[in-house]
Amino acid sequence: AERTFIAVKPDGVQRGLIGEIVKRFEQRGYKLVAGKLMWAPKDLLRNHYKDLSDKPFFPGLVEYMSSGPVFAMVWEGKEVVKMGRKMLGATNPLASEPGTIRGDYCIDVGRNICHGSDAVETAQREIALWFKPEELSDYEFASKPWIYE
Ligand code: GTP
Ligand code: MG
């Protein structure tokens, strides 16, 4: 089944939004397969955002992401990468629709409270970067037939 890497960024943790973000994925029917609170080393963050290393905001992004612990998660289910991005909303919260996580809880692009993998291959890379294989739990929901046809 498809998996994605979702993280509550340091501002989301400080603002008490871990539960809210977890709740939305749970209520949608997605399955949590890993989760941990982690103060990420800068090397991990530079690697995580390596495609953005030429951007002017890159140093500030690494500072922001290392300003406190993040809540890192892996979620599983049908089209969870694409749906996870939709649930998060547009990168810039000023463009995020109300009803999305960013559209409901933040204002500034440099304080946009959550991360979601942008493609299936990216998700695989990010999951391997943030989690050891033994940190992922393989299990089934008893409710699976009530979620999937
Ligand atoms: P992530 O889920 O965090 O990867 O966001 P994204 O995929 O929607 O956007 P992208 O990967 O392009 O950028 C990663 C993060 O860098 C964003 O979530 C923002 O926190 C930050 N960022 C992106 N663009 C800007 C910008 O123009 N200014 C600032 N200050 N931060 C930015
Ligand atoms: Mg991104």
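The values are calculated or read from the model by the stated rules, or taken from the named source; none is laboratory data. Keep in mind that what you see is a predicted model, and the values were worked out from it rather than measured. Heavy atoms of the whole protein, side chains included, go into the accessibility calculation; ligands, DNA and RNA do not. Shrake-Rupley method; radii C 1.70, N 1.55, O 1.52, S 1.80 Å.
Quick notes on this one:
- Where only C-alpha atoms are counted, convex hull volume of the chain per residue in Å³: 108 Å³
- Remark: the range 103-114, residue by residue, has Karplus-estimated 3J(HN,Hα) of x, 9, 10, 8, 10, 9, 4, x, 9, 9, 6, 8 Hz, where x stands for each Gly or Pro and the curve is 6.51 cos²θ - 1.76 cosθ + 1.60 at θ = phi - 60°.
- Straightening the chain between residue 63 and residue 107 buys 14.0 nm, computed as 0.36 nm per residue apart minus the Cα-Cα spacing.
- Computed [θ] at 222 nm, helices only, for the chain once each DSSP H run of length n ≥ 4 contributes -39500 (n - 2.57): -10500 deg cm²/dmol
- Accessible surface calculations at 1.4 Å, restricted to protein heavy atoms, place the chain at 56 Å² per residue.
- Surface share of carbon and sulfur [accessible, 1.4 angstrom probe, percent] for the chain: 53 percent
- Computed lengthening from residue 39 to residue 118, 0.36 nm per intervening residue step minus Cα-Cα distance: 26.2 nm
- Beta bridges assigned by DSSP with both partners in the chain are antiparallel in approximately 95 percent of cases.
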